[in-house]
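J.: The following block contains the structure, expressed as C-alpha cells.
All of the numbers you see were taken from the coordinates with simple rules; none came from a lab. Predicted, not measured: the structure shown is a model, and the values here were computed from it. When we count neighbours, we look across all protein chains shown, and the Cβ atoms used for this are built from the backbone with ideal geometry, even at glycine.
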Amino acid sequence: MLYDQGQLANVYLDAFCITNDVYYSSLSRDILDYLRRDMIGPEGGIFSAEDADSSEHEGSAKKEGAFYIWTSKEVFFSSSF
C-alpha cells in the first residue's frame, strides 16, 4: 500500500542519515522508484494500492497473489547482497 511504502522510504532515509550507509539510501530509492513507476497512473492519478490478483498465463483466470509468487531461486538471489 502507498502509505506503507512511503513510511518505509522515510525510515530508510532516516537510517541513512544516522549511519551514512548507502545501503539504506539505495533501499529508499528503490521504493521511491517503484512508487513512481507503478503507483502513478497514466493521467497522473496516484494509486493507493495494487491488486495482487493476476493471471499466471495469458488467457487464464485470475488467481489470488499469482503476481507476487516467487520461486525459491528468486528469493535466494534477491537476498544476496
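J.: Apply the Karplus parameterisation 6.51 cos²θ - 1.76 cosθ + 1.60, with θ equal to phi minus 60°, to every residue of segment 42-47 and state each ³J(HN,Hα) to the nearest whole Hz, in sequence, with x for glycine and proline.
T.: x, 9, x, x, 9, 7
J.: What residues qualify as long-range amide H neighbours of Met39, i.e. H under 5 Å apart, gap of 5 or more or another chain, H built at 1.01 Å from N?
T.: Here nothing satisfies the definition.
J.: Oh, and also: If we count other beta carbons within 10 Å of each Cβ, what is the order of Tyr12, Tyr23, Tyr3, fewest first?
T.: Going from sparsest to densest Cβ surroundings: Tyr3, Tyr23, Tyr12.
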